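Asker: Handing you this structure, nothing more for now.
Taken together, the values in this text are just the output of simple stated rules run on the coordinates, not laboratory data. Just so we're clear, the structure is a prediction, and the values are computed from it rather than from any experiment. Every residue, glycine among them, receives a Cβ derived from its backbone with ideal geometry; neighbour counts consider all protein chains shown.
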């Protein structure tokens, strides 16, 4: 099983009225390094929550810094961090993972952020500035007051940043325009609410940009099942049968009966937990497998069987 | 469909034009540029500059030009897989000797050859290396 780090909350700062910046550190261990675009997983009483790191990976001083927007009461992850966590508290954190890395082959990086989606780009821009690479930021927010890292961006990346504080329709039109006429060597990165991502993704398809040049950050499965149902699983090689309950993932159920399937992201992004299907219908919730691959394979971290399925395990 | 840019040496003009027609039929927007030999790197850089995101580059050139263009294309932001080599009937094929790494020339991929450097009996395969600009020759033991 993956290990966790016991970190201390060193500092909490107000970034906006609803966004707080948390700095974690340890006096006992050197924190593992990370790449620009990486995130950490916080182990909170209500479950695991992922947050992008906002510090510059090349200037990391044994600290992880995240920014969290309060979108729930204290029963949710963000509300808990805002209301129940204070300076000096301890928190369990999984070491950084990076499913949203910068593409080293790019000659120019273009970032599109909306709201709290700015966080991975704060780290990426600091990194690119340090190594002297070309980038630009397009950042949509409801207003300057609600715009996280506004002053920081103005101070450090002013000439490379465009802010979009206007009305929604005008904002969308301008963002679409900013996406147009891009040239070879450009890689485009999107992070923000699903509606924002969908609009820009759709527009990039319209512009016929190949998918390999467009990158999006995901912290949840591509498909969310509102009311997950239990299902039965037969493992044809190890000859085991078990049930996956409605509140459980297939990956967890497999680990419970000591069938170790490797995993990393738990969001249907990385493909590590892929298994072969022998028989049965599956609701695929990942963003990793192609339509052809989904015929005989599934990702156990997010996808679920219907009724009874057989796996080649 | 991705925009297509075909770079063809004048001596392969016929092949370049054929490719252009084929790509047009497939519905792509195609641009064909004829280039002189030997290839002028600055001219190539000018041609490749600011091409629309997603452009596919197809080359109808000899081996030396191909290497130069690939390098210029990489600098302009084209990845290895954004550059394809068109199929030309040049009359000769290069075969990479898997034993001594010598590049041999042959008129056909169908017949086995003897490596001119080490004497190894080689069977040409369809494994093409864009790095070596040659087909891999398997040793016949």
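Asker: Could you calculate the FRET efficiency of residue B:71 with residue A:94 from 1/(1 + (r/R0)^6), where r is the beta carbon distance between them and R0 is 45 Å, rounded to 0.05?
Answerer: Here the calculated transfer efficiency is 0.60.
Asker: Another question, if that's okay. For region B:4-85, what does the equivalent ellipsoid look like in terms of its semi-axes, each the square root of 5 times an eigenvalue of the Cα gyration tensor, given largest first in whole Å?
Answerer: Values for region B:4-85, descending: 18, 16, 10 Å.
Asker: Let me ask you something else. Please report the equivalent ellipsoid semi-axes of region A:231-311, computed as sqrt(5 x eigenvalue) of the Cα gyration tensor, largest first, in whole Å.
Answerer: They are 17, 14, 12 Å, listed from largest to smallest.
Asker: Run through every distinct alpha carbon pair of chain B and return the Kirkwood hydrodynamic radius in angstroms, one decimal place.
Answerer: One over the average 1/r among Cα pairs gives 16.2 Å for chain B.
Asker: Additional query: To two decimal places, what compactness ratio does region A:1-117 give when its Cα radius of gyration is scaled by 2.2 N^0.38 Å?
Answerer: Computed over Cα atoms of region A:1-117, the ratio equals 1.08.
Asker: Suppose we look only past 27 Å in the calculated P(r) of the protein assembly as shown. What percent of the Cα-Cα pairs does that tail hold?
Answerer: When all Cα pairs of the protein assembly as shown are counted, 66 percent exceed 27 Å.
Asker: Against the longest alpha carbon principal axis of chain A, how many degrees, from 0 to 90 and to the nearest 10, is the axis of helix A:168-179 turned?
Answerer: Tilt relative to chain A: about 90 degrees.
Asker: With no solvent and one point per C-alpha, what does the Debye sum give as log10 I(q)/I(0) for region B:93-139 at q = 0.21 Å⁻¹?
Answerer: Log10 I(q)/I(0), no solvent term: -0.54.
Asker: Taking 22 Å as R0, compute the FRET efficiency from the Cβ-Cβ separation of residue A:167 and residue A:145 and round it to 0.05.
Answerer: 0.85
Asker: Round to a whole angstrom and tell me the spacing of the C-alpha centers of region A:126-140 and region A:22-68.
Answerer: Centre-to-centre distance over Cα atoms comes out at 20 Å.
Asker: Residue by residue through A:184-193, how many Cβ atoms from other chains fall within 10 Å of the Cβ on average?
Answerer: 4
Asker: Work out how far the C-alpha atoms of region A:108-216 reach from end to end along every principal axis, then list the three figures in whole Å, largest first.
Answerer: Principal axes ranked by extent give 35, 34, 20 Å for the Cα atoms.
Asker: Let me confirm one metric for peptide B:44-56, namely the mean number of other chain beta-carbon atoms within 10 Å of its residues' beta-carbons.
Answerer: Neighbouring Cβ atoms belonging to other protein chains average 4 per residue here.
Asker: Partner chain Cβ atoms within 10 Å, averaged over the residues of A:281-294 - can you pull that number for me?
Answerer: Across A:281-294, the average partner-chain Cβ count within 10 Å equals 0.
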